[in-house]
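*Asks:* Below is a structure I'd like to ask you about.
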Amino acid sequence: MIIYPAIDLRGGQVVRLREGDPSQQTVFSRAPAETARRWIAAGASWLHMVNLDGAFAAANDNGAILAQVAALNVKVQFGGGLRSLEDIAVAFDRGARRVVLGTVALTTPEIVGQAVERWGTDAICVALDARDGQITTHGWQQTAAITPVELGIKLAERGVRHALYTDVSRDGQMTGVNLDATIALAQATGLQVIASGGVSTLDDIRQLAASRA
C-alpha cells in the first residue's frame, strides 16, 4: 500500500479547502517545500500535489514549487489545471513523476488516451471526483451527469490504469473516507484506485489496506 500525503497549493501556499469550496480555505504553510521535507522525513516516498489555482482557472501554475519539491528525494504526483498535452509535458519537465487529469478526462478524453500512449500507463492518473455520486469538474465547481464508475470504464478502455477517487463532500472534513464507493469503483473498473477525501485517522488507512481496493 502506498500513502500519498497531499499538498494543496493556492497562491503559493499550502491550504485546505472544505468540500472543495474556495471560500472556505485554511492556510497551513507559506513554505510548501518545507512541508514536503517534513513528509519525506516522516517516510513518504510519494507526494500528491494539487495546483488549486490551475483547477480554478487562475494564472498561477505553481510550477516553481513543483520543481523545488521534485528536486527532493520524493516522487511527485501532480494535478490541477492540466488540460492539454502541452500542460502535461510542462509538468513532467518540472519533475512530476505522474500527472492527474480531471476535467479533461471528461471533456476531452482523447487527450487522456494520447497521454497514456506518449508517457505510459504509470505516468497518467485520472481524477474521478464525485459529489452525490456524480462526477465533478473544473475544480469541483461543476457537476456532470455521469458516475465515477461509468467514466472509469470509458477511460480504462483508453488504457488508463490509475485513478484517484475523491468524495468531495468529505474532502477537508476529517470525517473518514467513503470506503464503499472506493471499493465499488475499483471492482467495477479494474483500475488501481487511490482513495482520497476525508482520510484522517490510522483506522481509515487500516480499513483501506484491508479492503485492497
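The values are calculated or read from the model by the stated rules, or taken from the named source; none is laboratory data. These numbers were taken from a predicted model, which means no experiment stands behind them. Backbone-built Cβ (ideal geometry, glycine too); neighbour counts: all protein chains shown.
*Asks:* Every residue in region 28-61 that is on the phi > 0 side of the Ramachandran plot and of a type in the set (S, T, N, Q), please.
*Replies:* none
*Asks:* Considering only residues that are part of a helix (DSSP H, G or I), surrounded by 19 or more Cβ atoms within 10 Å (Cβ to Cβ) and touching a helix residue (DSSP H, G or I) at 6+ places or on another chain (Cβ under 7 Å), which ones fall in region 15-39?
*Replies:* Pro32, Ala36
*Asks:* Just checking, how many residues over region 57-81 are at pLDDT 95 or above and farther than 18 Å from Ile40 by Cβ?
*Replies:* Qualifying residue count, region 57-81: 1.
*Asks:* Only one of these is among the hydrophobic types (A, V, I, L, M, F, W, C) and closer than 27 Å to Ile65 by Cα: Ala163, Ala145. Name it.
*Replies:* Ala163
*Asks:* Can I ask one more? Out of the residues in region 83-103 meeting the condition of being touching a strand residue (DSSP E or B) at 6+ places or on another chain (Cβ under 6 Å), of a type in the set (A, V, I, L, M, F, W, C) and in a helix (DSSP H, G or I), tell me which one is farthest from Thr136 (Cα to Cα).
*Replies:* Residue satisfying both the conditions and the ranking: Ala91.
*Asks:* Now, a different point. If you go through region 88-107, how many residues are surrounded by fewer than 20 Cβ atoms within 10 Å (Cβ to Cβ) and within 22 Å of Ile135 (Cα to Cα)?
*Replies:* 1
*Asks:* Next question. Kindly provide the set of residues from region 176-190 that are surrounded by fewer than 16 Cβ atoms within 10 Å (Cβ to Cβ) and either in a strand (DSSP E or B) or modelled with pLDDT under 95 (or both), ordered by number.
*Replies:* The answer is Asp180, and nothing else.
*Asks:* Residues of region 112-128 being under 17 Å from the mean Cα position of the chain (by Cα) and either among the hydroxyl-bearing types (Ser, Thr, Tyr) or not in a helix (DSSP H, G or I) (or both), which ones?
*Replies:* Listed by number, the residues that qualify are Thr121, Ile124, Cys125, Val126, Ala127, Leu128.
*Asks:* Right, here's the next one. Would a scan of region 103-110 turn up a residue that is in contact with a Lys or Arg (Cβ under 7 Å, 6 or more places away or on another chain), free of Cβ contacts under 8 Å to residues at least 24 places away in the same chain and of a type in the set (A, V, I, L, M)?
*Replies:* Within region 103-110, one or more residues are in contact with a Lys or Arg (Cβ under 7 Å, 6 or more places away or on another chain), free of Cβ contacts under 8 Å to residues at least 24 places away in the same chain and of a type in the set (A, V, I, L, M).
*Asks:* Filter region 70-82 for residues that are within 16 Å of the chain's Cα centre (by Cα) and in a loop (DSSP other than H, G, I, E, B); which is nearest to Ala6 (Cα to Cα)?
*Replies:* Looking at residues that are within 16 Å of the chain's Cα centre (by Cα) and in a loop (DSSP other than H, G, I, E, B), I get Gly80.
*Asks:* Note down all Cβ pairs under 6 Å where the first residue falls in region 129-155 and is assigned to a helix (DSSP H, G or I), the second is surrounded by fewer than 16 Cβ atoms within 10 Å (Cβ to Cβ), and they're at least six residues apart or on different chains.
*Replies:* Filtered contacts from region 129-155: Val149/Ala188.
A quick yes/no check of all residues on (1) in contact with a helix residue (DSSP H, G or I) (Cβ under 7 Å, 6 or more places away or on another chain); (2) on the phi > 0 side of the Ramachandran plot:
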site: Ile135; (1), (2): yes, no
site: Thr143; (1), (2): no, no
site: Pro148; (1), (2): yes, no
site: Gly152; (1), (2): yes, no
site: Glu157; (1), (2): no, no
site: Gly176; (1), (2): yes, yes
site: Leu179; (1), (2): yes, no
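*Asks:* Quick check: is even one residue across region 57-69 assigned to a loop (DSSP other than H, G, I, E, B), closer than 27 Å to Gln142 by Cα and out of contact with any strand residue (DSSP E or B) (no Cβ under 9 Å at 6 or more places or on another chain)?
*Replies:* Yes, the conditions are met somewhere in region 57-69.
*Asks:* What are the residues in region 109-162 that are polar (S, T, N, Q), over 22 Å from Asp8 (Cβ atoms) and surrounded by fewer than 17 Cβ atoms within 10 Å (Cβ to Cβ), if any?
*Replies:* Selection gives Gln114, Thr121, Gln134.
*Asks:* Can you name the condition, by its number, that Gly54 falls short on among (1) modelled with pLDDT of 95 or more; (2) of a type outside the set (D, E, K, R); (3) assigned to a helix (DSSP H, G or I)?
*Replies:* Among (1) modelled with pLDDT of 95 or more; (2) of a type outside the set (D, E, K, R); (3) assigned to a helix (DSSP H, G or I), Gly54 violates only (1).
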